[in-house]
Amino acid sequence: MNEPLPLILASTSRWRAELLARLDLPFGQCAPPYDERAEDHHFEADGPEAFALRLARGKAVASAAVVEGEAWVLAADQLAVLRERGRDVVLHKPGTVEAAADQLMRLAGREHRLITAVVLHHLRGPQSQAQRHAIDEQRLTMRAFGHAEAQAYAERYRPVDSCGAYHIEDAGIRLFERIEGGDFTSIMGLPLLAVCRLLRGAGLLPGDVGEPQ
């Protein structure tokens, strides 16, 4: 019986690694050499879902430069999308505490969407063109709050690496009024229900084998 191919998470995020570890599968990690921001000009033409999928696919394919031999690569990309003046706007990772507080104020009292695209891509070998994907959407509504609360949260929890400038797994959950979606793990960076379906389809998890997407 052939050994299963390695599974590589195309991310160095500890959040995504901790989520994937819940599935009890061995996996490695890599940092794909991929510049997401260089793709920003495609957002308006693509729309949120197709743009998130473009970025996830880009990460998966770019992983070939740092992963040796055959492997399955799991890549994901998440967008925080706010509707402003009749059009969708992407919110990027704030990078600083001050920018995180400002971004939270932009979201206060309003609904936004988290769009997460996941791609499972086969690197090299006879299945090298095999690729499966899934897209998850969560709708989140923040309560109305003031700048002092936003600043206090940002200073204490430093959500500078989150596209929404919050983490629901810490006190950031207090900022919300309502969350609508089928898989809360998606908000944390990796929709595990969708990931399980992709892994089963590739024969990496036990269960019925589905058709490639």
(request) Answer with yes or no whether V89 is at pLDDT 95 or above and either surrounded by fewer than 20 Cβ atoms within 10 Å (Cβ to Cβ) or among the hydroxyl-bearing types (S, T, Y) (or both). (result) yes
(message) Which numbered condition in (1) part of a loop (DSSP other than H, G, I, E, B); (2) surrounded by 11 or more Cβ atoms within 10 Å (Cβ to Cβ); (3) modelled with pLDDT of 95 or more is the only one that P4 fails?
(response) (3)
(request) Return the residue satisfying two criteria in turn: it lies in segment 31-60 and is part of a helix (DSSP H, G or I) and among the aliphatic types (A, V, I, L, M), and of such residues it is nearest to H121 (Cα to Cα). (result) A60
(request) Identify the single condition in (1) touching a residue at least 40 places away in the same chain (Cβ under 8 Å); (2) outside any loop (DSSP other than H, G, I, E, B) that P159 does not satisfy, given that it satisfies every other one. (result) (2)
(message) Just the residues that are touching a helix residue (DSSP H, G or I) at 6+ places or on another chain (Cβ under 6 Å) and not in a strand (DSSP E or B), please, taken from segment 7-18.
(response) A10
(request) For residues that are touching a Pro at 6+ places or on another chain (Cβ under 9 Å) and of a type outside the set (V, I, T), scanning just segment 65-79, find the one that is surrounded by the most Cβ atoms within 10 Å (Cβ to Cβ). (result) A76
(message) Suppose the filter is touching a helix residue (DSSP H, G or I) at 6+ places or on another chain (Cβ under 7 Å) and closer than 30 Å to P4 by Cβ; does G189 pass it?
(response) yes
(request) Please name all residue pairs, on different chains or six or more residues apart, with Cβ atoms under 7 Å, provided the first residue is in segment 198-213 and is over 18 Å from A21 (Cβ atoms) and in a loop (DSSP other than H, G, I, E, B) and the second residue is modelled with pLDDT under 75 and β-branched (V, I, T). (result) G203/V209
(request) Name the one entry in A194, A150, A144 that is closer than 30 Å to L5 by Cα and in contact (Cβ under 8 Å) with a residue 12 or more places away in the chain. (result) A194
(request) Give the residue, chosen from R174, R139, that is among the basic types (K, R) and under 25 Å from R54 (Cα atoms). (result) R139
(message) Which numbered condition in (1) in contact (Cβ under 8 Å) with a residue 40 or more places away in the chain; (2) over 17 Å from L204 (Cβ atoms); (3) part of a helix (DSSP H, G or I) is the only one that S63 fails?
(response) (2)
(message) Exactly one of these conditions fails for L82: (1) at pLDDT 95 or above; (2) surrounded by fewer than 17 Cβ atoms within 10 Å (Cβ to Cβ). Give me its number.
(response) (2)
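The values are calculated or read from the model by the stated rules, or taken from the named source; none is laboratory data. Only a predicted model underlies this, so the values are computations on that prediction, with no experimental measurement involved. No Cβ is skipped: glycine too gets one built from the backbone with ideal geometry, and neighbour counts run over all protein chains shown.
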